[in-house]
Amino acid sequence: MDISNNAFQKCINPDCGAEFDCGQALFKCPECEELLDARYNWEKIEVPGKLDEFAKRWAERANPLDFSGVWRFRELLNFCHDQYKVTIGEGQTILQQNDAVAEFTDVKSGRLYLQYEGLNPSGSFKDNGMAAAFSHAKMVAAGSCACASTGNTSASVALYAHHCGLKCTVFIGSGRIAFGKLSQAMDYGAQTIQILGDFDDCMRQVQDVCTKLGLYLLNSLNPFRLEGQKTIMYRIIEGLGWEVPDWIIVPGGNLGNSSAFGKAFYELKQLGLIKQIPRMAIINATGADTLTDLINNKKLTWNNGNVDQKIIDNYYAGLTARNFSPHTCASAIEISRPVNLKKCLRAIDICNGVVRAVTDEEILDAKATIGRHGLGCEPASAATIAGLRNLRIEGVIGADERIACVLTGHPLKDPNVTVNYHKEKQGKFSNPPTEAPNDFDEIIKLIK
Ligand SMILES: [Zn+2]
């Protein structure tokens with residue numbers, strides 16, 4: 001079977017619709033500069049007739065591709081031969097039913113699930129995307145790669161790059177990266193360039209640098225990265241006994257995840273593998289709420305791909321005019337010009353989605369709740385629980401609906417935020433250390 005016939009790249013702009021083979025590293029449509037999708041000729045791919053057929057691969061876990069939580073679903077992202085597929089054991093994540101967090105959000109017991117992506121090798125969901133994108137990088141024989149990052153991307157890129165023998169440069173904003181993430185990029189051997197600016201500045205620079213030097217770009221502009229991120233949804237369905245939930249809730253930053261999730265469900269429905277597409281809630285931080293503002297106030301819609309570019313241009317011109325820089329404790333979603341905006345609009349259309357923004361205070365209290373009752377998470381992940389709580393108060397989500405929140409990163413990604421919250425008694429659930437004299441009896445008195 002010639003794999004080149006299985007998949008191709010296609011521009012998402014319906015007025016353009018240009019198509020390219022997967023052997024090219026493009027990242028933007030050369031004709032019109034819009035985003036590209038990975039698309040499939042499904043009639044040429046032997047996709048299992050039922051989703052539960054993927055479960056058989058658990059018995060073949062000695063095969064690294066069956067062990068991978070990404071490649072276990074390889075027929076659904078079939079853009080390269082097995083010889084190029086990269087895996088370091090990503091996607092061994094769990095869907096945890098959590099009644100204590102359900103109670104915090106006023107959801108009935110047994111109905112709330114946390115998809116904990118912190119269990120990935122670099123500690124965040126990004127590894128799902130990198131397994132796919134680095135496979136494409138190998139397919140096109142890339143020698144060097146780069147990314148802009150708020151942190152998790154740089155950690156994941158650095159880890160996969162040295163696994164694949166690629167040179168790697170990561171661009172981060174000055175002082176805007178969580179400590180745990182910066183430590184990973186340095187430890188995994190990436191060249192780290194810290195630009196005096198924010199993530200949006202880094203994103204602009206890295207695109208130009210990649211074009212000039214021919215580096216392989218690993219930001220979520222890369223359509224193959226989003227193919228890997230689709231598998232987070234397959235694993236949620238798997239965790240629910242091959243049923244879809246009523247709601248998926250995801251943090252909104254650069255909007256790669258929400259874009260990938262919408263595409264995943266659209267394709268599963270198209271293939272007849274699911275009957276119903278879940279609804280999706282995307283949660284911004286109020287200090288970085290471009291999507292919320294554009295959707296809820298400026299009424300921006302997908303409109304069958306004919307997105308009103310004027311609304312976006314005016315909005316971004318306004319940000320520039322007031323020299324706006326996003327600000328939130330959830331550094332992973334501290335982004336005001338999300339590169340996947342249009343794909344996200346499509347996902348909102350597919351999933352009948354809603355968008356909300358939550359305050360840093362709400363994020364931090366939700367994070368402490370997930371820490372106390374779940375497996376912990378980084379601040380951006382907690383936006384999902386804060387958002388769910390508000391959507392329950394609004395009555396948008398019902399108490400007995402089945403809900404899956406995507407916890408994108410490990411709690412150790414951002415230890416400073418956690419320590420400050422508890423030690424400085426910043427929030428409702430602060431749990432500061434108790435100071436004690438070096439005296440046995442005094443210590444005994446203090447044990448609760
Ligand atoms: Zn185009």
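Where a number appears in this text, it was derived from the coordinates with a stated rule and is not lab data. Just so we're clear, the structure is a prediction, and the values are computed from it rather than from any experiment. Backbone-built Cβ (ideal geometry, glycine too); neighbour counts: all protein chains shown.
With Cα atoms defining each centre, region 399-446 and region 17-50 are spaced 45 Å apart in the structure. The charge dipole of the chain, taken about the Cα centre with unit charges on the Cβ atoms of Lys, Arg (+1) and Asp, Glu (-1), comes to about 220 debye, rounded to the nearest 20. If both residues of a DSSP beta bridge must be in the chain, then about 30% of such bridges are antiparallel. Considering the chain at the alpha-carbon level, its Rg and Dmax are found to be 21.4, 77 Å. Given a 10 angstrom Cα cut-off, can you work out which residue in Met130, Met186, Met233 is the most mobile in a GNM of the chain? Ranking Met130, Met186, Met233 by mean-square fluctuation puts Met186 first.
Computed 3J(HN,Hα) for region 12-25, one whole-Hz value per residue from the Karplus formula 6.51 cos²θ - 1.76 cosθ + 1.60 where θ = phi - 60°, is 7, 7, x, 6, 10, x, 4, 10, 9, 7, 7, x, 10, 9, glycine and proline marked x. Toward the positive end of the charge dipole of region 12-120, with +1 on the Cβ of Lys and Arg and -1 on the Cβ of Asp and Glu, the farthest Cα among Asn41, Leu119, Ala18 is that of Leu119. Take 82-90, 343-351 and order them by the average number of nearby Cβ atoms within 10 Å per residue, most first; the result is 343-351, 82-90. Relative to the current alpha-carbon distance between Val140 and Asp15, full extension at 0.36 nm per residue lengthens the span by 42.2 nm.
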